[in-house]
Structure formats: C-alpha cells, structure tokens
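Heads up, the thing below is written out as structure tokens.
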Amino acid sequence: MAEVTLKNLVKEYRDDKRTTFRAVKGINLEIRDREFMVLVGPSGCGKSTSLRMIAGLEDITDGEISIGDRVVNDVQPKDRDIAMVFQNYALYPHMTVFDNMAFGLKLLKYPRDEIKKRVDDAADILGLESMLDRKPKQLSGGQRQRVAVGRAIVRKPKVFLFDEPLSNLDAKMRVQMRTEISKLHARLNATMIYVTHDQVEAMTMGDRICVMKDGNIMQVAEPLDLYNRPENMFTAGFIGSPPMNFFYGQVVPEGGRLVFVEKNDGNAPIRITLDDRLARLAKNYEGKSIVFGIRPEDISDALMVTHIDESRCLTAKVDVSEPMGAETYLYFDTTAHSFIARVHSEHKFDFGQQVKVSLDLEKAHLFDPETEDVLK
Ligand code: ATP
C-alpha cells in the first residue's frame, strides 16, 4: 500500500537576516493508495515545496510525512520508494536515452539484464523504442519529457511525484502528454502526486484535487465537486475559466422576499430576487453584506430562455464581446465592476449594447465577505 499522509506539515525558510518565512503552514492531507492527487494553486502557494518535502529533497520544519505505514521524515530520498519527474526533465545531455533511463538502476547496482528489461519495457510503454540510442538534444520536448517519465517508471516506485512536468511543452504537446500520463496512471496502478498551477490540468487529470493558497490547503475534493461545490471564494474563483463572477452587495427584505442588491455607482443597482434555496442560506444576513457568486455559463442571453422569469434577469451594458465559436464571452460593465457571461453565439452583440441576461439561481452561491466561506 502506498498512501501518502501529511500531518501538520510545516516548512519555514530562513534568509540571511534570520527572518523566517512560512511557505507551508501546517497542512494535513491523505493521499490514498493508487490515487492521482493534484496539488494546484497560484505561484508561491507552497505546492512544489510540499512535493519536495515528500520527495525528501527539502527538510521538514515540523510535522510528519508517511508513505505506506512508514514515517519517512528521516529517510533518505533514495530509500523512500518514490520517483520524481521534474519540469526541466533533468536529463544528462551526454548520455543516450537508454543510459538516462538506466542511470538510477545502475547506481542501485541492479543486474545488467534486469536493467535492460526494465528500460525496454518503459520504452515500449512510452513509444521510445526507436530512440534509445539518441542523446537528449536529438529529441523533441515531448520526447524528452517521456524519457524523464521513463526514468521514473524503471524504478517501479510506489509513488510518482510530478513537478509541473508539462509546463515547458507547447499547448498541443501538453494536451497529448496529459492523456499519456493519465493512461500511465491507469496502467501502472501507482500513487501519483502531481503539482501544477494549471487548473485545466488539475481538472482533467486528478482523481482528487488539493487547492492551495499561501501555504494552506483551501479545499480537497474530486474535480466536479470542487467545481460545483466550492467551499470558499478562493476555490470558486481559481477553478473555472473564465472565473466565477462575484457581486458584493447586501441582502434586503422586500415584499416578503429577500433581494440581493449591489450598488452601481449612481446607476440603477443590480437587484437579484433570491429563490427559496438562496433565501434560506441568506436568512442570517438580512441587512448585512454578502457576496453573490455565479459562473459565466450560468448566465444566459435572456432572448434564448423560453420561460423568462424577470426576477432572475439583469440588464447590463456590453463592454467586450469575444466570439469563441459555439459560444460568446460577454464582458459586461456595471461600473461597480465587470462580470462575464458565456452565452450561445446565435446573436451578435455590440459594444455598449444593453443586454438582458437571465441567471440560473440554482447554480449560484453565496459567500460571507469576511470569512470568504460559502454559505451552506
Ligand atoms: P510555483 O508554481 O511558482 O513554483 P509554488 O506554489 O510551487 O510556486 P513554492 O516553490 O513551493 O511555490 O514556494 C513557496 C514559497 O516559498 C514561495 O513564496 C517561495 O518564494 C518560497 N521559497 C521557495 N523556496 C525557497 C528557498 N529555498 N528559500 C526561501 N524561500 C523559498
């Protein structure tokens, strides 16, 4: 079994002036045996540091890491039964593909036959059979990345660690390698921990995703759960592109209903009559500030909605219209801030045009503006 458990894991860096910086602030995470776990978050959130601590490449300031049922805090990287694939591939330029893949096994003094068998098997899995005699500079970026993955595979580790392995590839190759790594996971049945700042990679590859911010874990969930049931504004805004729209306003009672009102700088305020579900969530917020969140795809061109409910509609001025093919991204300017809708491309929208949109309130979320937690 190769579950990986992080308990109250802390990493502090100390600079020359002896000031300390907490890059990882006591995180707890259980990565299940054979799970594909993605650590995702913006630059500097501590995801690589966490991965490097699991690999043993970075000392732990406090806390505990277990792999299987063994605490590995004081275990050398080479004895942790892990293999890591780096962003820059870290291949030896003077060695052939075969020797690059064989290198770790040679160091571990594996018999020559066993090394050849493992390298041939890995080359077969990765489609590198015909390139074993080449040097890295004779390979494309995607092929180099495959060699780096091959070097991990030959060690048959319990846990694979990937640190942004696709970020040096062009967009097309990234998509291809994404699928290859997912297939590899299915085939090798190993635990994989994958670090990326790319939420599309996270959504498409992860069994579960761990969203990090400022050295903390914001949420751990399966991709669609994360998308549909974000626990906080950070996750809601980070996962999804274009991101979720946030409206900052107040909840006020009107004619027996609760209405969300956002001031709009001298213009008519934005008003959304809350449906029963949202009103129940907002009942303790009457007269108080609240954040209303809705994804761009949950805002439709009202002309395309068959049974229109005026209480769910907004009219706003188009700032930018980006036709993407089947759908168009409409950026609205409400003076307070802008918001984005992803609408069908049937109609053409012009700059400055007033457009009525309909909100799918079933998909909307409310957040506390102070804690930034979702109301539930
Ligand atoms: P990125 O996607 O940019 O690699 P990340 O989420 O992986 O970001 P980390 O590399 O884990 O972030 O870094 C977390 C924080 O720790 C950052 O603020 C970084 O500047 C800091 N940090 C990382 N390594 C060191 C170091 N050796 N000394 C001091 N600070 C460091």
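Quick note: the coordinates plus some simple rules give every number you see, no bench work behind them. The structure displayed is predicted, hence computed values, not measured ones. Because the Cβ atoms are built from the backbone with ideal geometry, glycine has one as well, and the counts that use them run over all protein chains shown.
Remarks
- Those residues of the stretch 137-154 whose amide nitrogen sits under 12 Å from the label point placed on residue 176, 7 Å along Cα→Cβ: 140-146
- Rg(Cα)/(2.2 N^0.38 Å) for the stretch 4-238, N = residue count: 1.03
- Theoretical FRET efficiency, 1/(1+(r/R0)^6), r = Cβ-Cβ of residue 113 and residue 28, R0 56 Å, to 0.05: 0.80
- Expected-Rg normalisation [2.2 N^0.38 Å, Cα atoms] applied to the stretch 245-367: 1.04
- Cut-off under 5 Å, modelled amide H: who pairs with residue 259 long-range: 252, 254, 274
- With the highest mean first, a sort of the peptides 147-153, 281-287, 365-371 on other beta-carbon atoms found within 10 angstrom per residue produces 147-153, 365-371, 281-287.
- Cα-based convex hull volume of the stretch 262-303 per residue, rounded to whole Å³: 117
- Residue-span extension gain [residue 94 to residue 305] - 0.36 nm each, minus C-alpha spacing: 69.6 nm
- With the biggest extent put first, the Cα atoms of the stretch 38-164 measure 46, 35, 23 Å across the principal axes.
- Förster-model FRET efficiency, 35 Å R0, residue 15 and residue 363, C-beta, rounded to 0.05: 0.15
- FRET efficiency for residue 71 and residue 207, using Cβ-Cβ distance with R0 set to 22 Å, rounded to 0.05: 0.35
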